[in-house]
Structures are given as structure tokens and as C-alpha cells.
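This report concerns only the one structure given below.
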Amino acid sequence: MGIWRAGFDVVGVDIEPQPRYPFAFVQADALRPPFDLRQFDFIWASPVCKQFTSAGGYQRDYCGTVYPNQIQATRDLLRSSRTLTCIENVPQAPIRADLVLDGTMFPALKVIRRRHFELSFPAPFALGFDARGHVLGHGWCCVVGNGTPSWLFKRGIRSTRDQWRVAMGIDWMTKAELSQAIPPAYSEFIARAAIAQIHRLAA
């Protein structure tokens, strides 16, 4: 949504059907796309992150669930496209933190959701910090999993799906979907930087 708001036409690719996806959609393995990636001006990739999260570690240690590490395969695929690219993932993932974004950096958001971005073009800036102090009041949420994180729960802080929607700037997702998403403000910010780079290269 943020990439579309920035001004791009959007084509989504996912191995699972996405019946509520509002843009052009192709059901396919994103690592084996059924088209030439060189026809696109900008490619956004979000490889599976669960191997690098605490929830994924719990599933591995206690349930035997193994999640794939798609980072290098994604990087290799995007490099072959020879276009502007962005890889998004959690801070623990093995990607370059060319850009670090958190909800505290966007006036309209109330979410603690730090994400790292590996870019093939110059980042507008780079910033990293621990934003936990911002959640103690004023409607801030930490949107993870399907419930309130334990470190907030112990402080008596709860959050609902509707609060998550407001905090993330997303009014159409279920709670499970919200837990996997990033705010459209993040992708819009990066997509606008990509458009500026396209214009610089064309000048």
C-alpha cells in the first residue's frame, strides 16, 4: 500500500493466495517469479523472518518447526534484476541495515516496530535505537505475534486489534496479518526515495 501511495503501480507475488490483495497479484514462488524482473523499476522483497525472531525460536525449540533462511537467495535474485531493490526484515536477520525505521519516527504512527532495510541505492539516512520507553502511555503499541508482548503485559499494558490498526496506520487487516506487516508509512518513505533515485539516474 505504501509503495502504491508513493506513486508506483504495484504487482504482488506470493506463494499463497491473497484474495483481499487490492493490486495486481501473481500466485507464485517469489524466488522463482514467472516474469523478467528487469521490467520493473523497483522491487521490494520481504523474505520469511520467523527464523530470526524470538517467536520463531520458540517454535523451533519446542515444536520442531524449521523456517527457511531466504536472505541470500533473495539477495542473489534481486542482484540479477539490475534494478532498484529493497530487502526488508527484522533487526536480527542477516541483512545490511542501510536504513532503520521505527514508528517513533513517523508522527501519524503509534507503533514500536523496528525494521531493517537493505537497499541497492543510497539510503536517506540511517538510525538505530531502543524505542521501548515510548510505549508507557499515550496509546503506543508493540505489534508482535497474536497478543501483548510479555514485557508489556507485566506492566499492565494491553492492546487490541483496533489499537494495533490505529498504531500501524492500517485499517483493513486482521490481528494475525497486522503481526506480519510493516506500516505503509515505512514502505511509502522508501518508495519515494526510490523514485527520487530513478529521477536522478534519468537526469
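The test for being within 24 Å of L84 (Cβ to Cβ) and either modelled with pLDDT under 85 or part of a loop (DSSP other than H, G, I, E, B) (or both) holds for L127. In summary, helices (runs of 4 or more DSSP H) completely within segment 1-101 and bearing 3 or more residues that are open to solvent by less than 50 Å² (accessible area, probe 1.4 Å), at pLDDT 95 or above and under 16 Å from P184 (Cα atoms) occur at 2-6.
The values are calculated or read from the model by the stated rules, or taken from the named source; none is laboratory data. Keep in mind that this is a model prediction, so the values were computed, not measured. No Cβ is skipped: glycine too gets one built from the backbone with ideal geometry, and neighbour counts run over all protein chains shown. Side chains are part of the model used for accessible areas, which takes the heavy atoms of the whole protein and leaves out ligands, DNA and RNA. Shrake-Rupley method; radii C 1.70, N 1.55, O 1.52, S 1.80 Å.
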